[in-house]
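Chemist: Please read through the structure below; I'll follow up with questions.
The values are calculated or read from the model by the stated rules, or taken from the named source; none is laboratory data. Since the model is a prediction, treat every value here as computed from it, not as a measurement. Virtual Cβ from ideal backbone geometry, glycine too; neighbours counted across all protein chains shown.
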Amino acid sequence: MQYELDTSTSPSANKSDCLIVAVFSKNNKANLGDAAKELDKQSKGALSEITKSGDFDGSLEQTQLLYKLDGVATSRVLMVGCGEKKSFDTVALNKAMKAASKALKSSKIKDLCIYLTDSYKNKEQLNALTQIVIAQADTNYQLLDYKSESKDETTLRKVSLGLADFDKLDKSDLSKAIKNGAAIAKGMSLAKDLANHPGNVCTPTYIAEQADVVANDYANISIDILEEKDMAKLGMGSFLSVSKGSDEPGKMIILEYKGAKDKDQAPIALVGKGITFDTGGISLKPGASMDEMKFDMGGAAGMLGTLKACAEMKLPINLVVVLAAAENMPSARASKPGDIVTSMSGKTIEVLNTDAEGRLVLCDALTYVGKYNPEVVIDAATLTGACIIALGHHICAVLSNDDGLASDIMNAGNTINDRAWQLPMGDDYKKQLKSSFADLGNIGGRAAGTITAACFLGEFTKDYKWAHLDIAGTAWEGKDATGRPVPLLSQYLINKASA
Ligand code: BES
Ligand code: MN
Ligand code: ZN
């Protein structure tokens, strides 16, 4: 899909196949946005005729499609309810855009122009453009299809963004905001593709192949893959205690992106949990909904997607991305509850529950990434069911050894509408991980499961600033991958690059 800034002189002169225009609501009555007003004037009241009837009051997510208005160049106008103008924030904007995309889903439109940004000025207006692109792409993402009867392909090829008053804003800033949105959308789409593939296709080897594709697509990305024998040499006994239960070989995939002027500038490290299927191992999960455990590589998918978005945006930063990919299976070679393993850090771990495997693969990845002397390290993992109980599918959890880093992450999430909420850490929680035999147990009991999981990781991240994102709830919703936390992390990196 091509996204660009629209340069028509006015909405009524715009020759796209369809225009999306905002209609707000005021005291339960419709209030046409600037673009809608202009179309209304040119068409001698075609839009206000509808709003006056009371059928359309501008409440959020309402839609009405109109054909062939007099005095208007386009053949279709979609009125979209945006709710009260004063509460038209990024959350409402996303909802309005998604409602609009749904209303046009089965249409045969080839190019579309969106005017949803009347009420924005300056910086906020730029962010709105980025948001619109992401929301449009998100709703139009086509599920990978394993069905023999293929679905209708979209005819849409071009989306342009119209503004009521672009003279006041710098055109290159506007185009950049749109490009950023398109880059983030590409990263999200990659993350969704990876996570939606079933476990028999998306294996650790498959993730390594897809990472290789990304590395080949951009000149400033290099890739290195640690095989199980390499990991054995490095002493990654914790990672290997998970992968050894599976016939699919585990892989530690390392990608480096050099975008900063100074190639030696300390990188930002992104570490992703890549369990391509989580059966629980010998601590086998119950059968109901076990299919969803194909999304247990959502952290790795999100980090690879973020890398792609960053490379598309050509951000002037250095990144190192580590994907810890393994399959968690029960087998004669699998870890048993009570087994004790030695991690790369030298710490010994009593594997009290083989279903708490994410932290076992991540701790070695987190130790390994220390050799890059990273400025900060962020990991993302579908780590605990407890996180879904705490925050649902709306907001991810962030836990950190640095409150400043946690706020930077939350701020980025608020800007791009991919929110995070901080949970505490601390010694009281850490105590729950005590083991009678080893340095650490891999579980901390039922209470505060998301926090004790983070405390476990925190034992391996003492040498650098670190934040952990538990995306168990946000990486997928229903039966679909969401592409999160690609927007959150991309925005964090955009902010870093301009700091
Ligand atoms: N991948 C799961 C967490 C998960 C559960 C993500 C449900 C999404 C939906 C993780 O490996 C796991 O099994 N965690 C256990 C930890 C427990 C054994 C301490 C959990 O949450 O039950
Ligand atoms: Mn598990
Ligand atoms: Zn898991």
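Chemist: Is one or more of the residues making up the stretch 323-334 away from ligand 2 (no atom under 16 Å from the Cβ), touching a residue at least 12 places away in the same chain (Cβ under 8 Å) and crowded, with 24+ Cβ neighbours inside 10 Å?
Modeler: Yes, some residue in the stretch 323-334 is away from ligand 2 (no atom under 16 Å from the Cβ), touching a residue at least 12 places away in the same chain (Cβ under 8 Å) and crowded, with 24+ Cβ neighbours inside 10 Å.
Chemist: While we're on this one: Scanning the stretch 246-283 for residues that are of a type in the set (Lys, Arg) and more than 16 Å from ligand 1 (Cβ to nearest atom), which turns out surrounded by the fewest Cβ atoms within 10 Å (Cβ to Cβ)?
Modeler: Lys261
Residue-wise test of (1) away from ligand 2 (no atom under 16 Å from the Cβ); (2) farther than 22 Å from Met252 by Cβ.
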residue	(1), (2)
Lys347	yes, no
Leu352	no, yes
Val398	yes, yes
Gly413	yes, yes
Leu423	yes, yes
Thr452	no, yes
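Chemist: Something else now. Picking from Met297, Met290, which residue would you name as being touching a residue at least 24 places away in the same chain (Cβ under 8 Å), within 16 Å of ligand 2 (Cβ to nearest atom) and among the hydrophobic types (A, V, I, L, M, F, W, C)?
Modeler: Met297
Chemist: Report every pair of residues separated by at least 6 positions or lying on different chains whose Cβ atoms are under 9 Å apart, first residue within the stretch 268-285 and within 9 Å of Asp355 (Cβ to Cβ), second within 13 Å of ligand 3 (Cβ to nearest atom) and part of a strand (DSSP E or B).
Modeler: Asp278/Glu327; Asp278/Asn328; Thr279/Glu327; Thr279/Asn328; Gly280/Asn328; Gly281/Asn328; Lys285/Asp278
Chemist: Is the stretch 151-166 home to any residue that is in contact (Cβ under 8 Å) with a residue 12 or more places away in the chain and within 14 Å of the chain's Cα centre (by Cα)?
Modeler: no
Chemist: Could we say that Gly259 is closer than 26 Å to Asp480 by Cα, under 25 Å from the mean Cα position of the chain (by Cα), in the same structural domain as Pro485 (by TED's automatic domain parsing) and modelled with pLDDT of 95 or more here?
Modeler: Judged against the criteria, Gly259 is not a match.
Chemist: I'm trying to understand the selection: among the residues of the stretch 317-340, which are farther than 18 Å from Thr203 by Cα and within 16 Å of ligand 1 (Cβ to nearest atom)?
Modeler: Across the stretch 317-340, the qualifying residues are Ser335, Lys336, Pro337, Gly338, Asp339.
Chemist: Residues in the stretch 205-256 that are hydrophobic (A, V, I, L, M, F, W, C), touching a residue at least 60 places away in the same chain (Cβ under 8 Å) and touching a Lys or Arg at 6+ places or on another chain (Cβ under 6 Å): how many?
Modeler: 2
Chemist: May I ask you to verify whether Val361 is assigned to a helix (DSSP H, G or I), assigned by TED's automatic domain parsing to the domain that holds Gly272 and buried (at least 20 other Cβ atoms within 10 Å of the Cβ)?
Modeler: yes
Chemist: Every residue in the stretch 284-310 that is within 11 Å of ligand 1 (Cβ to nearest atom) and either of a type outside the set (A, V, I, L, M) or touching a strand residue (DSSP E or B) at 6+ places or on another chain (Cβ under 6 Å) (or both), please.
Modeler: Correct list: Lys285, Pro286, Ser289, Glu292, Met293, Lys294, Phe295, Asp296, Met297, Gly298, Gly299.
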